[in-house]
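What follows is a single structure, written as structure tokens, with notes after it.
The numbers here are math on the coordinates, done by the rules we state, and not lab data. Because the structure is predicted, anything quoted here is derived from the model rather than measured. Ideal geometry is used to build each Cβ from the backbone, glycine not excepted, and the neighbour counts take in all protein chains shown.
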Amino acid sequence: MRPDGPCEFMGNFSGRPVHFGPAVIGSLAGTVLFGVVMTMMKMMGMVAALVGSQSVAIGWAVHLAIGAVFGLAFAFVVAWFPDRPWLTGMLYGMAVWVSGPLIVMPLWLGMPGMVLDLSSSTPWFSLMGHLLYGLVTGIVYARLGASAERKSAAAA
């Protein structure tokens, strides 16, 4: 990996360029937007519960950390499906929704009966939030990633 500019680290994954900086920045943008919605819905305490807290501030810290990690993973996913980053982002958001709030979170919080439970409106609101997260992640990635591609091409 080599730095290509501020917050930009580029790698190579099976011959495909991987732009970590734009992916993490995009993911954090989507995470913040979704986090605002979650805060308004009084859901940030549930995120804080992942680390044994009820604090909204701790919930935000955990949510942002998770968003940054998911941004790194998105860099690899979008490297494989680069044509429509916004669509890749939305599908990625859906995958995050299934794996996170529907599986990992209930198990982590000791609520195995809630795994894949779609019986209330909460998981559906969560799906909408995760689709929004993915859309924003993909759009921001596309803007910043295209800029990184031009810089890389000019330097070559």
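Between L50 and R84, what's the calculated FRET efficiency when r is the beta-carbon distance and R0 is 41 Å? Round to 0.05. With a Förster radius of 41 Å, E is 0.80.
For the residues M111, M128, M44, a GNM of the chain with alpha-carbon springs under 10 Å puts the largest fluctuation on M111. Which FRET efficiency, nearest 0.05, do K42 and S147 yield, Cβ-Cβ r, R0 41 Å? The value I calculate is 0.65. Spin-label model, R16 to W124: label points 7 Å out along the Cα-to-beta-carbon direction sit 3.3 nm apart. Sorting I103, I25 by the number of Cβ atoms found within 10 Å of their own Cβ, with the fewest placed first, yields I103, I25. Highest mobility in the GNM of the chain, judged by mean-square fluctuation with C-alpha springs under 10 Å and restricted to F125, F70, F34, is found for F125. Helix 85-99 and the longest principal axis of the Cα set of the chain meet at an angle near 30°.
On full extension, the segment bounded by L109 and V69 gains 12.4 nm, given 0.36 nm per residue less the C-alpha separation. Taking Cα atoms, how many degrees apart are the long axis of helix 20-40 and the longest axis of the chain, rounded to 10 and kept between 0 and 90? Tilt relative to the chain: about 30 degrees.
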